[in-house]
Every structure is written in structure tokens, then in C-alpha cells.
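To keep things clear, I will list the structure first and then write my remarks on it.
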Amino acid sequence: MEQIKVIVAGYDHYEGVDVNPSYQVSRALADHGMEGMRPVGPTEEDPLEGVDLAISSVTMPVSFAKAWPILHEAIERVQPDIIIATGLKRRARGIAMERCAVNLKEDDADDADDRQNSGKQEPRGIVCETGRQPIDPQGPAAYWTRLPLRAILHDFGACGIPATLSSDAGTYVCNALFYNLLAWAAGHTDVLAGFVSLPLVNEGGGQEWGLPLNQQIQAVREVANETIRYYRRPSSSPILIA
Ligand code: PCA
């Protein structure tokens, strides 16, 4: 049996949000694996056939300084083939598949560390337009993901999961983590890595935006499934960047 190791990463407490879906989704995949998956991909072939699949979750703080070192430590320990990082994008209406991470961060954005140091309770995550600086002054302007985005969006369509492509993971902790992850992946071309932005959890109550948690879990299972398919049979069709 071919062993495939997947890391699904998410964040713990995010100021001003009751349920961070990225935490719940990463835990659900590690605890229940691909439970309930039916093949919906471009062929009838089940990408999980003959695979000994191990999914681990990693929980990161919403901290510029700590999120990447924690994920990096897990990567060194687990030696995964696939890394799917997730985070909450409050303004997203559905799942947003991130194509690229940009070399920019807010230099005055409060994160969990600032709040711990100052005792401040203000919700953050909305950042001002000024005061941006590069994440890596020597690094390229952006890195592209190698997740098979077109195939993933096809599966979302088949499952009725509302989703878009995004070229903007923001300039807060998620984008910085994604940039560091893709910089690492650029030197490890045998590993596929990407970022999925999740909307707020909305179980059908009054709130206008968001998706039920179960649908978000299903979406990240589809991402894993299609990425495993691509990992096992890299295709030259234009499925990487839609
Ligand atoms: N979203 C934040 C950081 C943690 C999270 O879930 C962001 O968009 O950067």
C-alpha cells in the first residue's frame, strides 16, 4: 500500500469569532479522516484506492511570530506529502481557494501576541491600507500554490459547495503563514501545499454569509481527495491554476 501523509492546519481562538471553522475542520479531518467521501472527480477512479492515508492536524495561534514555526515543526516531524492550511476569511461568502500568497504584511496589525502583551480585547483582522511591509525583503513578490485548483473547483460544483478562486489571502496572519509555507514548498517540490480560506460558520440562522460547518468539512475533504489524486498521477492538463 502506498502511504500518503497529509497535514491539515487551522487556527485556534480568533478574536471576535465564536467558532473558527479552520480549527474545527482540521480536527474533523484528523479525527474522522475521509469519512463519507464519494468519488466525484473527473474520472470514476477513487484516488484513495490502495492508499494508506494518515491525516494529522496542526493548530496554530493567530500570531505572525508563532504560526509558521509551529506548522514548520509539524512538517519536519510528520514529513507530509500534502499540506493544506486553512483559515477564516470573515468576508468570504463561500470557500475561497487561494492561488497565491503575496509578500506583504501589515506592520501594525495586532495579533494574539499583541493582545496577550497589552491585555487588549479589541477584535482585529480588519487592517488599514497603510503601513505594509514585505514578509521577506529578499523574497519574490508572490508564490503560487500547486494544488489542483481547477479539479477541486469542479468537485465543489458537483457537490454544490459554493466556492471561488481567490488571489488575496489578505495581509494578516493567514497570508504570512501561506507565504512562508509556499517558500518552504518551493524547495520541496515533492510536497504539494496550499491554503483554503473558509467563511464564517452559518448553520442557517439569521446571518447572511457563511456555510454550515459540515459543508466546510466536506469541502476540505474534497480538497484533500483531489490533491491526493493529483499527487498520485500528476497531470499536464491545466488544472493547477484556473
Ligand atoms: N484568519 C486570520 C488569521 C486566523 C484566521 O483564521 C487571517 O485571515 O489572517
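General observations
- One residue stands out in the range 112-130 among those that are loosely packed, with under 10 Cβ neighbours inside 10 Å and not polar (S, T, N, Q): the one that is modelled with the highest pLDDT, namely Gly119.
- Candidate set from the range 188-222 (those that are without any contact (Cβ under 8 Å) to a residue 60 or more places away in the chain and closer than 22 Å to Arg232 by Cβ); member that is nearest to the ligand (Cβ to nearest atom): His188
- Scanning the range 214-228 for residues that are of a type outside the set (S, T, N, Q) and out of contact with any helix residue (DSSP H, G or I) (no Cβ under 6 Å at 6 or more places or on another chain) yields Ala219, Arg221, Ala224, Ile228.
- Checking each residue in the range 131-164 for being surrounded by fewer than 20 Cβ atoms within 10 Å (Cβ to Cβ) and of a type in the set (Asp, Glu) picks out only Asp136.
- Those helices (runs of 4 or more DSSP H) lying entirely in the range 145-242 with at least 3 residues under 14 Å from the mean Cα position of the chain (by Cα): 173-186, 213-232
- Residue match in the range 75-90 (condition: among the small types (Gly, Ala, Ser) and under 25 Å from Ala141 (Cβ atoms)): yes
The values are calculated or read from the model by the stated rules, or taken from the named source; none is laboratory data. In this text the structure is predicted, and so the values were computed from the model without any measurement. Note that we place each Cβ from the backbone using ideal geometry, even for glycine, and neighbour counts take in every protein chain shown.
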